[in-house]
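Participant: Dropping a structure here in structure tokens format, bear with me for questions.
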Amino acid sequence: MKVAILLGSTRMGRQTHKAAHYITQELTNRNIEADLIDLAKNPLPVLKERVGHHPDPPENGVKISNRLDRADAILWISPEYHGSISGGLKNAIDYFWSEFQKKPIGAVTTSAGGFGGINASHHLQQIILSIGAFPMPQKLLIPQVHAAFDDSYALKMKR
Ligand SMILES: Cc1cc2nc3c(=O)[nH]c(=O)nc-3n(C[C@H](O)[C@H](O)[C@H](O)COP(=O)(O)O)c2cc1C
């Protein structure tokens with residue numbers, strides 16, 4: 001089982017990467033191959049055309065496409081921005097289609113406040129359906145993400 005984790009928080013001072021690293025480690029601990037695709041480290045320009053349709057797609061688009069292709073399941077991780085998902089994640093999702101097709105995709109969202117990005121989470125579920133993938137009924141919402149993990153990305157709160 002291979003899981004690709006597409007991390008859609010890219011801003012300076014971001015917090016959501018901590019959740020992505022934590023989840024990557026938890027999957028690894030369960031002998032599940034986890035591939036963290038961090039859009040801050042693998043940036044994609046604003047979409048001109050999808051990878052499969054672009055005559056000369058951006059190098060990172062091709063690399064991410066290959067990594068998503070190899071995955072049996074995918075997690076999309078997004079902070080909530082202005083009542084929805086991050087623009088960076090939506091831009092990245094729009095590059096691909098077949099890479100997501102008929103795969104289970106889990107939605108993980110974060111917020112600084114107490115609601116864990118519930119609006120972003122609903123929007124992710126809608127996009128998963130629209131893209132022809134299978135949304136997971138369980139959604140992971142992480143409120144107060146800035147306080148949830150320590151500097152090693154371990155969970156601060158007791159499980
Ligand atoms: C542009 C922007 C818009 C935001 N909008 C919301 C929002 O609508 N709802 C919310 O709960 N938090 C919002 N936040 C706060 C984020 O939840 C907070 O930054 C959190 O740490 C997760 O995002 P990060 O990975 O960028 O740190 C917003 C933050 C930014 C930068």
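Participant: Report ³J(HN,Hα) in whole Hz for each residue of segment 122-129, in order, from the Karplus equation J = 6.51 cos²θ - 1.76 cosθ + 1.60 where θ = phi - 60°; Gly and Pro get x.
Facilitator: Calculated HN-Hα couplings, in order: 4, 5, 4, 4, 5, 5, 4, 5 Hz.
Participant: Further question: Assuming 0.36 nm per residue, please report the length gained on full extension of the stretch Ala112 to Gln138 beyond their Cα-Cα distance.
Facilitator: Length difference between fully extended and current span is 7.3 nm.
Participant: Using a 10 angstrom cutoff on alpha carbons, build the Gaussian network for the chain and name the most mobile of Gln138, Gln15, Gln101.
Facilitator: Gln138
Participant: Further, regarding this structure: Under the Kirkwood approximation for Rh and a Cα-based Rg, what ratio Rg/Rh is obtained for segment 72-159?
Facilitator: Details: Rg = 13.4 Å, Rh = 13.5 Å.
Over the Cα atoms of segment 72-159, Rg/Rh equals 1.00.
Participant: Have a look at the DSSP beta bridges in the chain and tell me what percent are antiparallel, nearest 5. Let's see the in-between values first.
Facilitator: Details: 2 of 24 bridges.
Taking every DSSP beta bridge with both residues in the chain, the antiparallel ones total about 10 percent.
Participant: Could you give each residue of segment 111-116 its phi-based ³J(HN,Hα) in whole Hz, using Karplus coefficients 6.51, -1.76, 1.60 with θ = phi - 60°, and x for Gly or Pro?
Facilitator: Each residue's phi maps through the Karplus curve to give 8, 6, x, x, 9, x Hz.
Participant: Separate question: Could you go through segment 69-80 in sequence order and give the Karplus-derived ³J(HN,Hα) for each residue, using 6.51 cos²θ - 1.76 cosθ + 1.60 with θ = phi - 60°, rounded to whole Hz, and x for Gly and Pro?
Facilitator: Karplus-based 3J(HN,Hα) across segment 69-80 equals 4, 6, 7, 7, 9, 9, 10, 9, 10, 9, x, 8 Hz.
Participant: Once the piece of chain linking Gln101 and Asp35 is laid out straight, how much longer is it, given 0.36 nm per residue of separation minus the C-alpha distance between them?
Facilitator: Numbers: separation 66, 0.36 × 66 = 23.76 nm, distance 1.81 nm.
Gain on extension, Gln101 to Asp35, equals 22.0 nm.
Participant: Given H placed on each backbone N at 1.01 Å, which residues far from Gly117 in sequence or on other chains put an amide H within less than 5 Å of it?
Facilitator: Ser111
Participant: Rank the residues Leu155, Leu7, Leu36 as a footprinting-exposure proxy: fewest other Cβ atoms within 10 Å of their Cβ go first.
Facilitator: Numbers: Leu155 15, Leu7 30, Leu36 20.
By the 10 Å Cβ count, ascending: Leu155, Leu36, Leu7.
Participant: Student exercise: in segment 6-159, how many lysine pairs 8 or more apart or on different chains have Cα atoms under 29 Å apart?
Facilitator: 29
Participant: Run a plain Debye calculation on segment 2-148 (Cα atoms as equal point scatterers, no solvent) and give log10 I(q)/I(0) at q = 0.20 Å⁻¹, rounded to two decimals, same order as the q list.
Facilitator: Each listed q corresponds, in turn, to -1.28.
Participant: For Asn119 and Asp151, FRET efficiency with R0 = 25 Å and r from the beta-carbon atoms, rounded to 0.05?
Facilitator: Efficiency computed from Cβ-Cβ geometry: 0.30.
Participant: Can you tell which of Gly114, Gly88, Gly61 shows the greatest fluctuation in a Gaussian network model of the chain with Cα springs below 10 Å?
Facilitator: Gly114
Participant: Between Arg50 and Asp72, 0.36 nm times their residue separation minus their Cα-Cα distance comes to what? Spell out each step's value before the answer.
Facilitator: On the way: separation 22, 0.36 × 22 = 7.92 nm, distance 2.11 nm.
The Arg50-Asp72 span can extend by a further 5.8 nm.
Participant: Tell me, how many Å apart are the Cα centres for segment 76-105 and for segment 1-72?
Facilitator: If you average the Cα positions of each part, the centres end up 10 Å apart.
Participant: Search the structure for amide H atoms under 5 Å from the amide H of Lys103, placed 1.01 Å from N in the peptide plane, and list their residues when 5 or more places away or on another chain.
Facilitator: Phe134
All of the numbers you see were taken from the coordinates with simple rules; none came from a lab. As the structure is a prediction and not an experimental result, all values here were calculated from the model. Cβ atoms come from the backbone with ideal geometry, glycine included; neighbour counts cover every protein chain shown.
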